[in-house]
Amino acid sequence: MIRSVSVKNAVKDALEVFQFDQWLRFYFVVEKGEELRIEMPDEELDKIKENRPELHRFADMVNNAVTDYKRSQENVCSYVASRLDGQKYEATVLPQVFDNATFKVEMYIFNVWLKMHEQHLDEEYMDFDGWLEMYSEWNALDEVTEYRTKLLKSGTDPQFPACDTTQ
């Protein structure tokens, strides 16, 4: 099996898992007593299995589980490590991703988009591909492109998110 050494592709794949986690928590978190849980209907899991088989295992892993920011980050990091690190990419690639300026800036910009569009996204359910399409259109705007370039040139480190892949 040939594993990729492309940090650029690994950044894209890792970003998608983080974005998917945000989508899951946005639409499927329910409050049960003192806990927050992710509860996805079986038909949604089936759609993900059909349309996004590479993300189905993650959805299945977190479904019906307690969630919070720390658990979410741990789940995403462990999933990225188990599915990408040493599997799809050489073992040296993933540690570079989480320290990569592009990864941090892209996560920051995604979180800005999410905050700006939260009310619209909350109005009606949108599947993950719909989210990505809406995000891509916004992300392609001149203002966003200029802001990204400014962040990358300034060396600003938004600190989103952190995964310790050296364990």
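The values are calculated or read from the model by the stated rules, or taken from the named source; none is laboratory data. Please read all numbers here as calculations on a predicted model, not as lab measurements. Positions of Cβ are backbone-derived with ideal geometry, glycine not excepted, and every protein chain shown enters the neighbour counts. Heavy atoms of the whole protein, side chains included, go into the accessibility calculation; ligands, DNA and RNA do not. Shrake-Rupley method; radii C 1.70, N 1.55, O 1.52, S 1.80 Å.
Taking only region 116-133 into account, find how many residues are under 15 Å from the mean Cα position of the chain (by Cα) and either part of a loop (DSSP other than H, G, I, E, B) or farther than 27 Å from residue 7 by Cβ (or both). If you could, list the steps in order and put the result at the bottom.
From region 116-133, those under 15 Å from the mean Cα position of the chain (by Cα) are 127-133; that's our starting set.
Now restrict to residues that are either part of a loop (DSSP other than H, G, I, E, B) or farther than 27 Å from residue 7 by Cβ (or both): 127, 130.
The number of residues fulfilling the criteria is 2.
Restricted to region 1-47, and to residues that are of a type in the set (Gly, Ala, Ser) and more than 19 Å from residue 129 (Cβ to Cβ), which residue is least open to solvent (accessible area, probe 1.4 Å)? Steps first, answer last, please.
Initial filter on region 1-47 (of a type in the set (Gly, Ala, Ser)): 4, 6, 10, 14, 33.
Checking which are more than 19 Å from residue 129 (Cβ to Cβ) leaves us with 4, 6, 10, 33.
Working: 4: 38, 6: 34, 10: 0, 33: 62 Å².
For region 1-47, the residue satisfying everything is 10.
Pairs under 6 Å by beta carbon, first residue at positive phi in region 52-63, partner surrounded by 14 or more Cβ atoms within 10 Å (Cβ to Cβ) and in a helix (DSSP H, G or I), six or more apart or different chains?
Final answer for the pair search is none.
Considering only region 64-98, state which residues are part of a loop (DSSP other than H, G, I, E, B) and open to solvent by less than 20 Å² (accessible area, probe 1.4 Å).
Listed by number, the residues that qualify are 67, 84.
Restricting to region 53-63, what's the tally of residues that are part of a helix (DSSP H, G or I) and closer than 17 Å to residue 36 by Cα?
Residues meeting the conditions: 4.
Pairs only if they're at least six apart or on different chains, beta carbon under 8 angstrom, first in region 73-93 and closer than 18 Å to residue 38 by Cβ, second assigned to a helix (DSSP H, G or I) and open to solvent by 40 Å² or more (accessible area, probe 1.4 Å); list them, first residue then second.
75/61; 79/57; 79/61
For region 99-135, give me each residue that is surrounded by 15 or more Cβ atoms within 10 Å (Cβ to Cβ), within 23 Å of residue 50 (Cβ to Cβ) and out of contact with any helix residue (DSSP H, G or I) (no Cβ under 6 Å at 6 or more places or on another chain).
Hits for region 99-135 are 121, 126, 127, 132, 134.
Among the residues of region 11-51, count how many are aliphatic (A, V, I, L, M) and outside any helix (DSSP H, G or I).
Number of matching residues: 5.
If we keep just the residues of region 70-115 that are among the small types (Gly, Ala, Ser) and either in contact with a Ser or Thr (Cβ under 6 Å, 6 or more places away or on another chain) or farther than 22 Å from residue 155 by Cβ (or both), which is modelled with the lowest pLDDT?
86
Scan region 43-66 for residues that are touching a strand residue (DSSP E or B) at 6+ places or on another chain (Cβ under 7 Å) and within 11 Å of residue 79 (Cα to Cα) and jot them down.
Answer for region 43-66, where residues must be touching a strand residue (DSSP E or B) at 6+ places or on another chain (Cβ under 7 Å) and within 11 Å of residue 79 (Cα to Cα): just 62.
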